[in-house]
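First up is the structure itself, then whatever we jot down about it.
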Protein chains: 2
Amino acid sequence: MITVALAKGALLKDSVARFAAAGLDFSAVLDKNNRQLMLPTPCGRARALLVRNGDVPTYVAYGQAQLGVVGFDVLNEHQLPVAQLVDLGFGGCRMAVAVKESSGYKRAADLPPHCRVASKFTHSARSFFNALDLPVELVHLNGSVELGPITGMSEAIVDLVATGRTLRENGLVAIEDLFHSTARLVGHPLAMRLDQGELREIVDAMRQASAIALEVA
Amino acid sequence: MITVALAKGALLKDSVARFAAAGLDFSAVLDKNNRQLMLPTPCGRARALLVRNGDVPTYVAYGQAQLGVVGFDVLNEHQLPVAQLVDLGFGGCRMAVAVKESSGYKRAADLPPHCRVASKFTHSARSFFNALDLPVELVHLNGSVELGPITGMSEAIVDLVATGRTLRENGLVAIEDLFHSTARLVGHPLAMRLDQGELREIVDAMRQASAIALEVA
């Protein structure tokens with residue numbers, strides 16, 4: 001049986017819709033009353049693992065799921081050995097450096113050397129500031145990163161920005177993008193190599209469905 | 001002004017009640033419609049920072065909050081330089097090793113060397129298995145750790161157990177405890193040293209209120 005790791009949260013609805021277009025019905029995971037974390041499709045050909053965003057690459061890398069759907073932001077942060085198969089196009093957002101609007105900084109290079117930067121994505125932030133040759137002290141936070149500059153703990157943050165509403169509400173402004181992120185279909189490399197056509201069929205169907213979705217959009 | 005970092009979630013209600021007994025009214029953070037992350041008390045003497053469980057030690061260690069309330073489990077995992085001031089007694093749970101009930105393992109030392117152990121608390125788990133002299137491969141997960149043994153990714157888990165309901169529902173059983181955890185009042189060491197009596201007063205009141213709560217219980 002094929003196991004697919006799906007991320008709880010913002011990507012779930014679109015993930016289920018895309019798999020439906022590719023012939024796999026995971027709609028049971030959208031049921032509000034569902035408490036199960038492992039759900040089979042009605043056809044019995046596959047099952048979904050319902051896990052945290054950041055755990056999708058782990059389940060796929062360890063081969064407990066052959067396929068998974070997760071944002072590029074998470075893949076870039078965790079750097080686990082999974083194969084990126086299809087850019088699904090949805091879940092678009094950008095990873096950005098943001099500062100207090102009143103600070104006057106216009107780009108990341110304006111930040112003072114050795115200042116503090118708070119982020120949930122410290123690996124991505126580290127790579128970015130290293131490439132910029134700007135030494136900063138990264139402070140890892142698990143949530144509400146916007147509190148960093150508000151409390152004065154950090155000069156800047158590196159965080160995902162979708163609509164920008166959270167930043168505006170907190171008097172912050174994005175000054176530079178690290179990268180753009182969308183949801184990706186990922187696969188266990190060995191499972192892909194040993195595949196007898198079953199996985200390839202799903203991946204191809206997902207690729208086609210994504211191309212169609214992209215044209216419509 | 002005194003800033004107190006409070007953890008969102010299970011400890012919040014009891015934390016607010018304990019501070020109320022010590023003369024600080026943070027009840028505004030319990031308002032369901034509240035979206036603010038930084039709220040002053042009505043008396044204006046202090047303010048609350050509403051943050052994730054795992055971020056409380058960070059805000060206190062960096063001095064953005066002079067005081068904070070957080071579970072011992074989090075303190076033990078993050079090992080940040082904060083002073084543990086009072087054991088508040090509530091939020092009791094234990095950090096335990098759990099396995100599939102069908103596995104037959106009776107204690108942690110029964111686990112096969114080099115087996116996988118999934119946990120959100122990989123630092124605590126590492127210390128425990130090192131002390132046991134049992135080499136294991138730790139897999140870091142962010143949530144739903146019980147899926148580790150269910151999917152076959154790991155032989156065991158290390159996780160918080162309160163009532164044991166989640167374990168039972170997933171066919172798992174706790175076989176050994178790492179430690180017992182309760183909520184702690186923590187402080188920024190330098191703020192405590194430079195204190196003119198203001199913080200000491202709150203800490204003493206919290207200690208008294210906790211002693212009374214302990215007697216009643």
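Cut-off 10 angstrom, C-alpha nodes, Gaussian network model of chain B. Which of B:Gln84, B:Gln66, B:Gln36 fluctuates the most?
B:Gln36
Based on alpha-carbon atoms only, what is the radius of gyration of the protein assembly as shown relative to the globular estimate 2.2 N^0.38 Å? Before the final figure, lay out each step's value.
Details: Rg = 23.4 Å, N = 434, 2.2 N^0.38 = 22.1 Å.
Normalised Rg, Cα atoms only: 1.06.
In square nanometres, what is the average projected area of the Cα convex hull of region A:176-217?
Working: hull surface 17.1 nm².
About 4.3 nm², averaged over all directions.
From the label point of B:Glu201, set 7 Å from Cα along Cα→Cβ, how far away are the matching label points in the other copies, in nm, ordered shortest to longest?
Its label point is 7.4 nm from the equivalent points in the other copies.
Over 24 Å between Cα atoms: which of B:Lys13/B:Lys100; A:Lys120/B:Lys13; B:Lys8/B:Lys120; A:Lys120/B:Lys8; A:Lys8/B:Lys8 fall into that group? Before the final figure, lay out each step's value.
Numbers: B:Lys13/B:Lys100 33 Å; A:Lys120/B:Lys13 26 Å; B:Lys8/B:Lys120 18 Å; A:Lys120/B:Lys8 17 Å; A:Lys8/B:Lys8 20 Å.
Cα-Cα > 24 Å for B:Lys13/B:Lys100; A:Lys120/B:Lys13; rest within.
Look at the axis of the rotation that sends chain B onto chain A, then give the chain B residue with the nearest Cβ and the distance in whole Å.
For chain B, the closest residue to the axis carrying it onto A is B:Asn142, 5.
Give the dimensionless ratio obtained when the Cα radius of gyration of chain B is divided by 2.2 N^0.38 Å. Spell out each step's value before the answer.
Values: Rg = 19.2 Å, N = 217, 2.2 N^0.38 = 17.0 Å.
Normalised Rg, Cα atoms only: 1.13.
Take B:Lys13 and B:Ala109, extend 7 Å from each Cα along the Cα→Cβ direction, and tell me the distance between the two endpoints in nm.
4.2 nm
By DSSP, what percent of the beta bridges with both residues in region B:1-87 are antiparallel, rounded to the nearest 5?
Numbers: 3 of 12 bridges.
Restricted to region B:1-87, the bridges split so that about 25 percent are antiparallel.
Relative to the other copies, what are the label-point distances for A:Thr182, with labels 7 Å from Cα along the C-beta vector, expressed in nm at one decimal and sorted shortest first?
With the label placed 7 Å along Cα→Cβ, A:Thr182 yields 5.4 nm.
Could you give the semi-axes, largest first, of the ellipsoid that matches region A:88-217, computed as the square roots of 5 times the alpha carbon gyration tensor eigenvalues and rounded to whole Å?
Numbers: eigenvalues 262, 61, 29 Å².
Semi-axes from the Cα gyration tensor: 36, 17, 12 Å.
Between A:Asn142 and A:Thr182, what is 0.36 nm times their sequence separation minus the Cα-Cα distance? Round to one decimal in nm.
Numbers: separation 40, 0.36 × 40 = 14.40 nm, distance 2.11 nm.
The span from A:Asn142 to A:Thr182 would gain 12.3 nm if fully extended.
So what is the 222 nm mean residue ellipticity for the protein assembly as shown from helices alone, if each DSSP H run of at least 4 adds -39500 (n - 2.57) and you divide by all residues, rounding to the nearest 500 deg cm²/dmol?
Working: 16 runs with 136 residues, N = 434.
Computed mean residue ellipticity for the protein assembly as shown: -8500 deg cm²/dmol.
Of A:Thr166, A:Thr151, A:Thr58, which is the most mobile in a GNM of chain A whose springs link Cα atoms less than 10 angstrom apart?
Answer for the Gaussian network model of chain A: A:Thr151.
Using Cβ counts within 10 Å as a stand-in for footprinting exposure, how do A:Cys115, A:Cys43 rank, fewest first?
On the way: A:Cys115 15, A:Cys43 9.
In increasing order of surrounding Cβ atoms, one gets A:Cys43, A:Cys115.
What angle do you read, to the nearest 10 degrees and between 0 and 90, between the alpha-carbon axis of helix B:122-131 and the longest principal axis of chain B?
60 degrees
Pick from A:Val158, A:Val145, A:Val82: which residue has the top mean-square fluctuation in a GNM of chain A where Cα pairs under 10 Å get a spring?
A:Val145
Do any chymotrypsin sites (Phe, Trp or Tyr not before Pro) in region B:38-108 lie in a loop, going by DSSP, with at most 10 other beta-carbon atoms within 10 Å of their beta carbon, and if so which?
Values: sites: B:Tyr59, B:Tyr62, B:Phe72, B:Phe90, B:Tyr105; in loops: B:Tyr62, B:Phe90, B:Tyr105.
Filter output for region B:38-108: empty list.
All of the numbers you see were taken from the coordinates with simple rules; none came from a lab. Because the structure is predicted, anything quoted here is derived from the model rather than measured. Cβ atoms come from the backbone with ideal geometry, glycine included; neighbour counts cover every protein chain shown.
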